Amino acid sequence: IKFRPKTEKELDILKQDSTLILYDYPLDRNITKQGDSYHDPSVPKNQPTPQYTAVTVDKALPSGVKHQVLEKLYIPDGDGDATTGKSSDEASKTFIYDLVHESLKLTGNLDEEEAGDLQSARRRKWTPAGTIRVWDDVVRDFIPVTGVQVLARRWFTTHRGFTNSTGRYVCDGRFRRKANYSIKWERYEFSITTGGINIGLGGFSARGSQAGLNGPKRRGDWNMDLGHRFSATVNDAQQYYAIIHQGAMDYYYGSRLGLGPPQRNATFKRQMKIAAVRNGGRSSHVRQRRIYKGADIALKAWGNRSDVVYGTITHELAHSAHWVLNKKQYNRLVDRGYVDVFFSEPLFNGDNPLYPAARNARRTLETWASTIEIVLTRHRYITVLRQTDYTYEDEDFQIRTITGDPFYTSAGYDMLDNLNQRTTPRLNNARPIDNVSGFTIVQLERAMRGVTSWEQWRNNLIRQNPANPTRNNVTELFANWH
């Protein structure tokens, strides 16, 4: 079947069905040039490329997307093996295997090696499996990538597997001959694309193509290490996708330490689209980009360390989770902090009447997302990867000065840790006064509910947590930034 989605919304309809295994290229074609994505050259770049799949005849198809039946298929290769079963069945089984082999040979669906090897039709079936790992700049080793969707396809039959905590996957079916392996950087909740063109507000990223990896055609396990050994930064496209995937996978399917989720596919009828952009600039989460066929998140962390790439995707997903928590109030903060000033004078113009409100709103948005960024990245590296001496960027933001970054502040994490950075020896007068500790990340999130200003978050924290002996110092902490 060939689906012809004309809009991003129609593509979202297809992605609602998790049982559909979709390809962005025809299944009867050989891949002659390797790459990480494909877009049909006859289809405009701002329109989704056609999607191909093979389904059983009784499969109910999603409504609202045009499709074309390209071919009716009969695939008689059952689950039995020629070397097993009753002896009276062996002759009929062997005949079927030989008949299928000759049919595939006559129709040009066997490669040269297989066409000359009749015994390949009679071999015992094998199960696609393997291990997927990625190079991590902090651990200085290859580590497992969890939750990766690995596909093994032979002609029109696909078997699928997902990597576990060790990076190991086992597909849900067997083949007799070689199969084409591939990775699709996508799960039901999110999809990673290859990025696009940056234009205007919020680092607009035009619609990219589905990110993936076309692996080998082989019989037996496929093990893959992504990235370059001993690199100091993320400088490989597949390494980039893998780390972004891991951050999104952990936020959606792993331990969020009690925090609320980002937008969900089942609830909002669309995947979280993440454009893995490979150029400079600041990453952003802009839901309105979907109107222009863009991605919700434009991630611009190429060339950073692995932990920073991981932290950046959790930061942007935290904005989505903030929106889910407080849709109306979140939109007000975005309007004040970004939209209004974009169409007015520059934010840093002190004469701009929007200046104080814009700074206040932007600081609230970015401090909250930065807090989650630090907490989840530390959890991954200290708890999951056992890097006991690990600290995140700028020593968990503790060496950032008050005026150095007035928006992406340490205030949220300062309420969780036990360090008063004003008392540390280096640049102590330039650092915030932090006499607050003992809060939890869940308490910080609960206080964010209904918030439209920096001061409102502060007041909620003080009012909602009477048992915290340092709560009366929260006003002092928040006053470091104004």
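Some notes on this structure:
- Boolean, Y392 is surrounded by 16 or more Cβ atoms within 10 Å (Cβ to Cβ), touching an Asp or Glu at 6+ places or on another chain (Cβ under 9 Å), more than 21 Å from S255 (Cβ to Cβ) and not polar (S, T, N, Q): no
- So R449, is it free of Cβ contacts under 8 Å to residues at least 12 places away in the same chain and surrounded by fewer than 16 Cβ atoms within 10 Å (Cβ to Cβ): no
- P469 meets the stated requirement of being in a loop (DSSP other than H, G, I, E, B) and over 36 Å from the mean Cα position of the chain (by Cα).
- Pairs meeting the criteria (first residue in the range 415-431 and more than 14 Å from D396 (Cα to Cα), second residue among the polar types (S, T, N, Q) and not in a loop (DSSP other than H, G, I, E, B), beta carbons under 9 Å, at least 6 apart or on different chains) are R422/N428; R422/N429; N428/Q421.
- Residues located in the range 6-25, provided they are assigned to a loop (DSSP other than H, G, I, E, B) and under 23 Å from D58 (Cβ atoms): Q16, D17, S18, T19, L20, I21, L22
- Test: residue in the range 251-263 that is crowded, with 19+ Cβ neighbours inside 10 Å, aromatic (F, W, Y) and in contact with a Leu (Cβ under 6 Å, 6 or more places away or on another chain): yes
- Within the range 272-285, the set of residues being modelled with pLDDT of 85 or more, surrounded by fewer than 23 Cβ atoms within 10 Å (Cβ to Cβ) and not small (G, A, S) comprises R278, R282.
- Verdict on S103 being assigned to a helix (DSSP H, G or I), open to solvent by 90 Å² or more (accessible area, probe 1.4 Å) and either among the hydroxyl-bearing types (S, T, Y) or at pLDDT 90 or above (or both): no
- Qualifying residue in the range 149-160 (condition: within 21 Å of S255 (Cα to Cα) and either at pLDDT 95 or above or open to solvent by less than 40 Å² (accessible area, probe 1.4 Å) (or both)): yes
- Residues of the range 379-418 satisfying the condition of being at pLDDT 95 or above, among the aliphatic types (A, V, I, L, M) and over 28 Å from the mean Cα position of the chain (by Cα): M415
- Residues being surrounded by 15 or more Cβ atoms within 10 Å (Cβ to Cβ) and either among the polar types (S, T, N, Q) or under 22 Å from G35 (Cβ atoms) (or both) - total across the range 212-234: 13
- Contact annotation: residue pairs with Cβ atoms under 6 Å, 6 or more positions apart or on different chains, pairing a residue in the range 157-185 that is over 17 Å from L27 (Cα atoms) and part of a loop (DSSP other than H, G, I, E, B) with a partner that is hydroxyl-bearing (S, T, Y) and open to solvent by 20 Å² or more (accessible area, probe 1.4 Å), are T163/T146; S165/T146; G167/T131; R174/T127.
The values are calculated or read from the model by the stated rules, or taken from the named source; none is laboratory data. Bear in mind the structure is a predicted one, so any value in this text is a computation, not a measurement. All Cβ positions, glycine included, derive from the backbone under ideal geometry; neighbour counts span all protein chains shown. Accessible surface is based on the protein model in full, side chains and every heavy atom, while ligands, DNA and RNA are left aside. Shrake-Rupley method; radii C 1.70, N 1.55, O 1.52, S 1.80 Å.
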